[in-house]
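Where a number appears in this text, it was derived from the coordinates with a stated rule and is not lab data. What you see is a predicted model; the values in this text were computed from it and never measured. No Cβ is skipped: glycine too gets one built from the backbone with ideal geometry, and neighbour counts run over all protein chains shown.
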């Protein structure tokens, strides 16, 4: 359950700084789709949006990918609508078999990379032939698991971000841009 109210979420958006406009995000998604198509367009991949943050980037990417693919989803979280991560909690594994498949994990943001690294390891343990990652936003702070996304859209400052899948206390995944919480 969220620890902030809808009124607090409204205020947070009013005070937030717009970091990426919808136009900038659309350009990044187009570039990501082109790179994903070049790499996976002939491989019959399985795309796994990482819930809940990967929902919006995946929904924006899918219509840009003009090749046959299958979609399932995976749900594991460290944040649970908080602004900090803790232990990994598994909520749902994909129902599609991963053995021998080319898997693309799609998420909203690569911050420290602990969750994404755990998901990659799990997919490999299920026999995936290849596991790639696509993130709409990656932070440039240099902390974390030493993981780089295979496909990344936008380089962001080390601030708390929300919008386009990223949330603030469970709110604003639907924000019309990517915002940084006021400092």
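Could you list, bin by bin from short to long, the percent of Cα-Cα pairs of the chain in 10 Å steps?
P(r) over the chain, rounded to whole percents: 10, 39, 36, 13, 2.
Grab the Cα-Cα distance for residue 130 and residue 27, subtract it from 0.36 nm times how many residues apart they are, and report the gain in nm with one decimal. Don't jump to the answer; show the numbers that get you there.
On the way: separation 103, 0.36 × 103 = 37.08 nm, distance 2.67 nm.
The residue 130-residue 27 span can extend by a further 34.4 nm.
GNM, the chain, Cα, under 10 Å: largest mean-square fluctuation among 169, 127, 113?
127
Expressed as an acute angle from 0 to 90° and rounded to the nearest 10, what is the orientation of the C-alpha long axis of helix 114-125 relative to the principal long axis of the chain?
The answer is roughly 20 degrees.
Based on the Cβ-Cβ distance of residue 64 and residue 174, what FRET efficiency does E = 1/(1 + (r/R0)^6) give at R0 = 25 Å, to the nearest 0.05? Numbers along the way, then the final one.
Numbers: r = 19 Å, r/R0 = 0.78.
Using R0 = 25 Å, I get an efficiency of 0.80.
With the chain treated as a Gaussian network of Cα nodes joined by springs under 10 Å, which of 53, 165, 146 yields the largest mean-square fluctuation?
146
Is the range 1-64 best put as rounded, prolate or oblate by its Cα gyration tensor, with a ≥ b ≥ c the root eigenvalues, rounded for a/c under 1.5, and otherwise prolate when a/b is larger than b/c, oblate when not?
On the way: a/c = 4.78, a/b = 1.90, b/c = 2.51.
It comes out oblate by the Cα gyration axes.
Between helix 22-40 and the chain, what is the angle of the helix's C-alpha long axis to the longest principal axis, kept within 0 to 90° and rounded to the nearest 10?
20
Return the whole-Å distance between the Cα centroid of the range 122-183 and the Cα centroid of the range 52-70.
For the range 122-183 versus the range 52-70, the Cα centre distance is 15 Å.
Suppose R0 equals 45 Å. What FRET efficiency, 1/(1 + (r/R0)^6) with r the Cβ-Cβ distance, do residue 17 and residue 87 give to the nearest 0.05?
0.90
Tell me the mean residue ellipticity at 222 nm calculated for the chain from its helices only (DSSP H runs of n ≥ 4, each -39500 (n - 2.57), averaged over every residue, nearest 500). Walk me through the numbers on the way to the answer.
Working: 4 runs with 48 residues, N = 183.
Dividing the helical sum by the residues of the chain leaves -8000 deg cm²/dmol.
Could you check what % of the DSSP bridge pairs in the chain are antiparallel, to the nearest 5?
30
Label points 7 Å out from Cα along the Cβ direction at residue 10 and residue 155: separation in nm?
Distance between label points: 3.8 nm.
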